[in-house]
Structure formats: C-alpha cells, structure tokens
1. Name the residue that is modelled with the highest pLDDT, counting only residues in the range 326-367 that are among the acidic types (Asp, Glu) and touching a strand residue (DSSP E or B) at 6+ places or on another chain (Cβ under 9 Å).
2. List every residue pair whose Cβ atoms lie under 8 Å apart, where the two residues are 6 or more positions apart in sequence or sit on different chains, the first residue falls within the range 273-289 and is farther than 18 Å from Gly252 by Cα, and the second residue, located anywhere, is more than 16 Å from the ligand (Cβ to nearest atom) and at pLDDT 95 or above.
3. Out of all the residues in the range 290-314, which are in contact with a strand residue (DSSP E or B) (Cβ under 9 Å, 6 or more places away or on another chain) and free of Cβ contacts under 8 Å to residues at least 40 places away in the same chain?
4. Could you please let me know if Arg104 is under 21 Å from Ser172 (Cα atoms), within 16 Å of the ligand (Cβ to nearest atom), charged (D, E, K, R) and touching a residue at least 40 places away in the same chain (Cβ under 8 Å)?
5. Looking at Val183, Val227, which one is under 17 Å from the mean Cα position of the chain (by Cα) and of a type in the set (Val, Ile, Thr)?
6. Identify all residues within the range 38-79 that are of a type in the set (D, E, K, R) and either over 25 Å from the mean Cα position of the chain (by Cα) or within 21 Å of Pro95 (Cβ to Cβ) (or both); write none if there are none.
7. State which residue is surrounded by the fewest Cβ atoms within 10 Å (Cβ to Cβ) when the search covers only the range 181-209 and only residues that are among the β-branched types (Val, Ile, Thr) and touching a strand residue (DSSP E or B) at 6+ places or on another chain (Cβ under 8 Å).
8. Could you tell me which numbered condition Val323 fails, if it satisfies all but one of (1) of a type in the set (A, V, I, L, M); (2) in contact with a strand residue (DSSP E or B) (Cβ under 8 Å, 6 or more places away or on another chain); (3) more than 20 Å from Leu187 (Cα to Cα)?
Amino acid sequence: MANVDLELISLRPGPGLPAEKREEILRDPGFGRVFTDHMVSIRWSVDGGWHDAELIPYGPLTLDPATNFIHYGQSIFEGLKAYRHPDGGIYTFRPKANAARFQRSAARLAMPELPIELFIAAVEALVQQDAVWVPDDPEKSLYLRPFMFSTEVGLGVRPGNAYQFLLIASPSGAYFPRGVKPVSVWLSEEYVRAAPGGTGEAKCAGNYAASLIAQAEATANGCDQVVWLDAIERRWVEEMGGMNLYFVLGSGKSARLLTPSLTGTLLPGITRDSLLTLGGDIGLVTEEGRIDVQAWEAGCADGSITEVFACGTAAVITPVGSVKSRSGGWSVGAGETGPVTAALRHALLEVQTGRSEDVHGWLHRLV
Ligand SMILES: Cc1ncc(COP(=O)(O)O)c(C=O)c1O
C-alpha cells in the first residue's frame with residue numbers, strides 16, 4: 001500500500017515562535033491549548049497510495065464544505081507523549097503500539113492503514129524539528145496527536161477516496177488541573193459509550209462526540225468524570241471517560257490488580273496494557289475480568305476493594321475517590337490516593353521519564 005520512501009518526509013520548516021514567547025508558554029502549558037511550530041502531513045489517494053509526506057509550519061486547513069468526514073465522521077486519532085530524559089535525549093513510550101492501534105482504528109472505519117514505519121517517521125520528524133518545545137520539567141511532556149480523516153469532496157455515505165494524515169504536538173502540563181487528587185465519578189446508566197459490533201475499540205472521533213452528553217450529566221451531578229457500563233445489561237464496568245479502569249483487591253503483599261477485559265467495546269489502552277506488566281514487576285498479581293457494578297459497591301463496603309484508579313496517556317494514573325449514580329453512591333477506600341495507585345503511578349512515570357531502567361524495551365529515542 002505504501003509508495004512513500006520512508007526516509008522522505010520532506011522538511012519545509014517555517015520560522016517558529018520567538019524563544020521568549022515559547023518559554024513563557026512552557027512555564028504553564030496547560031493541556032492541549034498551544035501547539036508547536038510545525039506539523040506533519042501525509043496524503044493518501046486511491047491512485048497514489050501514501051504520498052506528499054511533509055513537515056510544514058503549523059497552520060489552519062482549508063476545507064471544502066462538502067468534505068466527506070465533516071458529514072459522515074471518518075476521522076480517527078491517537079495520543080502519545082514525548083519526554084525529555086536526564087540523559088538529554090527525547091523519548092516516547094511504545095509508539096509502535098499507538099501506530100498499530102491507529103491501523104486497527106483505520107480498518108474499522110474503512111480507512112487506509114498508515115504503515116507503522118511512516119507513523120514513527122512522522123513522530124521522529126516532528127519532535128526533531130520542534131525539540132525546543134519539549135519541556136525540561138519531568139512533570140511536563142510534549143503531547144503528540146496523530147489523526148486522519150477523509151478528504152473526499154462530495155456528499156454520499158461511502159468510504160472516502162482520499163485521506164489526510166496530520167501530526168500536531170502540544171506542550172502539556174497536568175491533564176487534570178487539580179493534580180493527582182481522587183476524582184468523583186458518575187455511573188452512566190442511560191447513555192452507553194459502545195455496544196457489541198460498534199466502534200468502541202476504535203479511537204474514532206464519533207465515540208468522543210457520543211460521550212459528551214454523559215460527561216455533561218456527570219458534571220451536572222457534581223462529578224468529575226463519567227464511568228461507562230456495558231450496553232446490554234448496564235451492569236459490567238467498562239471505562240472512565242477517556243481512560244481505562246483498575247481495581248485493587250486486598251492490600252499489602254496480597255494485593256491483586258483487576259482490570260475489565262477487552263470485550264470489544266473498550267478502547268485497548270496502552271497504559272492499561274503496560275500496567276498489567278508493571279503490576280507484575282512490583283509483585284502484584286494482575287488479572288483481566290468482569291466487574292459487576294454492584295460488586296464494586298459491595299467490595300468498597302466490605303473493604304475487599306481497597307483502591308480504584310483510571311489510567312491513560314494524558315493523565316497517566318488518576319485515583320477514583322467516590323462513585324455516584326441515580327440510586328445513591330459510595331466512597332472508594334479512604335477517598336485518598338492509595339498506596340498501590342501511588343506505587344504504580346511512580347513506577348510508570350519513572351520509566352516514561354527515563355528515571356528507571358527500561359527493562360521491557362518500551363522507550364523509543366526520538367532525539
Ligand atoms: C476511551 C479511552 N479509553 C482508554 C484510553 C487510554 O488509552 P491509552 O492508555 O492508550 O492512552 C483512552 C485514551 O486513549 C481513551 O480515549
């Protein structure tokens with residue numbers, strides 16, 4: 001499918017923001033507010049395959065109003081981070097896993113699959129060009145956002161005959177501005193995120209649009225985040241907003257980690273997957289299974305569930321402190337960040353920021 005020479009992301013850089021302005025932004029970048037000086041663009045067409053791979057100044061797109069994806073939603077994305085390490089290098093975490101998930105999302109939405117090497121080449125080209133935008137502070141990172149959409153012009157529900165891949169980057173501080181404080185969650189019993197046979201496993205724009213009403217309901221009920229249940233029985237816990245969930249059963253040396261199985265309706269998180277391994281590294285038994293929402297409440301009441309946390313690239317690991325639903329609510333543990341949550345967060349960030357040995361070969365040097 002690829003007909004691009006992978007060495008050939010043509011570099012057409014622009015001047016970039018003055019250093020003083022950039023440094024001011026990097027002091028308090030927020031999340032997803034400001035973007036670096038450049039972006040990578042790659043096009044695909046039925047006749048030409050992948051072509052016109054180039055690094056260009058960041059800037060607005062001009063789109064025909066009849067561009068297919070605006071109407072019918074063929075649009076997918078990814079999210080990964082680059083960190084500056086103590087050795088002076090800039091690294092990203094498991095980018096091939098993101099590239100592979102991007103391919104699976106594309107396949108589900110009847111879009112062409114970007115070759116993994118081209119995805120990685122795009123990340124390397126952008127981070128090398130905009131390296132000055134990668135914060136020094138280990139609490140901060142450069143968030144990378146690859147995405148792709150149909151550019152065919154014309155109405156009609158069908159797979160587009162042309163696509164554009166773009167990669168943009170945004171310096172990032174904390175995703176949750178309140179810091180690593182336990183979040184309160186709202187159980188969504190009316191709205192579902194994904195149903196069997198649907199697009200829950202894909203990172204497609206429509207999944208997020210469909211989630212907004214439930215997130216608004218969570219906010220209206222005084223909660224920070226929404227928790228999704230399965231579509232059929234509204235009983236099995238799936239995910240929290242844009243993050244996967246973990247349950248800590250028991251405590252001390254006998255603590256076990258349980259995360260909902262990938263049933264086809266959950267986004268297979270790369271952080272989730274990494275924690276299945278890292279949990280084992282720090283001596284925990286890790287398992288995947290089904291978690292009944294009533295068992296969640298009962299486990300918190302009888303103390304068998306000691307901690308619950310959510311995990312994902314953007315916010316890394318976030319404790320869940322309390323749960324609320326139409327019929328009531330309950331607290332999780334002491335409502336504080338528990339010791340297992342804190343230990344896993346520390347262990348993961350130590351690898352991601354280059355402060356502990358990368359025994360699993362998860363890091364990819366970009367600069
Ligand atoms: C719905 C959903 N679940 C889970 C995740 C966590 O995935 P990852 O750990 O790969 O960031 C994300 C973020 O990508 C998400 O959007």
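The values are calculated or read from the model by the stated rules, or taken from the named source; none is laboratory data. This one's a predicted model, so the numbers in the text were calculated from it and none came from an experiment. Note that each Cβ is placed from the backbone with ideal geometry, even for glycine, and that neighbours are counted across all protein chains shown.
1. Going residue by residue through the range 326-367, those that are among the acidic types (Asp, Glu) are 336, 350, 357-358.
So of that shortlist, the ones also touching a strand residue (DSSP E or B) at 6+ places or on another chain (Cβ under 9 Å) come out as 336, 358.
Numbers: Glu336: 88, Asp358: 97.
Only one residue fits best here, namely Asp358.
2. Matching pairs, first to second residue: Glu288/Leu258; Gly289/Leu258.
3. Just the residues of the range 290-314 that are in contact with a strand residue (DSSP E or B) (Cβ under 9 Å, 6 or more places away or on another chain), to begin with: 290-293, 295-301, 304-314.
Those that are in contact with a strand residue (DSSP E or B) (Cβ under 9 Å, 6 or more places away or on another chain) and free of Cβ contacts under 8 Å to residues at least 40 places away in the same chain: Ala295, Glu297, Ala298, Cys300, Ala301.
4. Details: under 21 Å from Ser172 (Cα atoms): no; within 16 Å of the ligand (Cβ to nearest atom): yes; charged (D, E, K, R): yes; touching a residue at least 40 places away in the same chain (Cβ under 8 Å): yes.
No; evaluated as a whole, the condition is false for this residue.
5. Working: Val183 fails: under 17 Å from the mean Cα position of the chain (by Cα).
Residue meeting the stated conditions: Val227.
6. Kept after step one, since they are of a type in the set (D, E, K, R), are these residues of the range 38-79: 43, 47, 52, 54, 64, 78.
Those that are of a type in the set (D, E, K, R) and either over 25 Å from the mean Cα position of the chain (by Cα) or within 21 Å of Pro95 (Cβ to Cβ) (or both): Asp47, Asp52, Glu54, Asp64, Glu78.
7. Val192
8. Result: Val323 fails condition (3) only.
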